[in-house]
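The structure appears below as structure tokens.
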Amino acid sequence: MVTASFENVLREARKLPPHGQTELITILLRETRGAFIQLQRQSAKTPALEILTGMSSGELEALANAILAPSRQRRLHSLLRKNKTKTLGEKESKELDELLEESDRIALLKAKAQHTLLKSKRARERAI
């Protein structure tokens, strides 16, 4: 399969006569709209964040404000820089994957805690 850069595609599109450019735009808009509708349908099927149960508001607040430990954050940034310059060894690559997974887990827990706090706040407001 041949792939072209965006710049090459634009350069070639500009060479088309005006009616050809109009037709290309129409086709691209139609395909983009179809992709957008498909994305909307998929996101509608995606389950919402789960509510964290059995935790106090204070515990939820602490989770919502959780961060990766500063030393681990520094190490993550260091490994990301090395990865960008392609100087990462196999052991460091594995360490980077583990730190990224940990960071993702923290981000997900934070989102769940924030979601739970928001739902709880809305429920209290409705009860008033």
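Residues considered: Ile106, Ile67, Ile27. Largest GNM mean-square fluctuation over the chain, using C-alpha springs under 10 Å, is found at Ile27. For Ile128, neighbours were defined as the other residues whose beta-carbon sits under 15 Å from its Cβ, and their charges (Lys and Arg +1, Asp and Glu -1) total +3. Label positions at Glu31 and Lys91, each projected 7 Å from the Cα along the C-beta direction, are separated by 4.8 nm. What residues of the stretch 55-70 lie in the reach of a label at Ala127, counting those whose backbone N is under 18 Å from a point 7 Å from the Cα along Cα→Cβ? Under cut-off, by backbone N: 55-61. If I take R0 = 30 Å and measure r between the Cβ atoms of Leu16 and Gln40 in this structure, what FRET efficiency does the formula 1/(1 + (r/R0)^6) give, to the nearest 0.05? Approximately 0.45, to the nearest 0.05.
For the stretch 62-108, the mean projected area of the C-alpha convex hull, equal to one quarter of the hull surface, is 3.3 nm². If you run the Gaussian network model on the chain, springs between alpha carbon atoms under 10 Å, then out of Arg14, Arg74, Arg41 the most flexible one is Arg14.
The convex hull built on the alpha-carbon positions of the chain has an orientation-averaged projected area of 15.0 nm². Lys/Arg Cβ at +1, Asp/Glu Cβ at -1, dipole of the stretch 57-127 taken about the Cα centre: which of Ile67, Leu117, Ile106 is farthest positive-ward? Of the options given, the answer is Leu117.
At full extension, Leu24 and Ala69 could sit 11.1 nm farther apart than now, given 0.36 nm per residue minus the alpha carbon distance. Using just its DSSP H runs of length 4 or more, each adding -39500 (n - 2.57), the chain gives a mean residue ellipticity at 222 nm of -26500 deg cm²/dmol after division by all residues. Anisotropy class assigned to the stretch 6-45 is oblate, per the alpha carbon gyration tensor with a/c at or over the 1.5 cut-off and a/b no larger than b/c. The dipole here belongs to the stretch 16-128: it is taken about the Cα centre, uses +1 on the Cβ of Lys and Arg and -1 on the Cβ of Asp and Glu, and is about 260 debye.
Readers should treat all values here as calculations from the given coordinates under stated rules, not as data from a laboratory. Source: prediction; values computed, not measured. Every residue, glycine among them, receives a Cβ derived from its backbone with ideal geometry; neighbour counts consider all protein chains shown.
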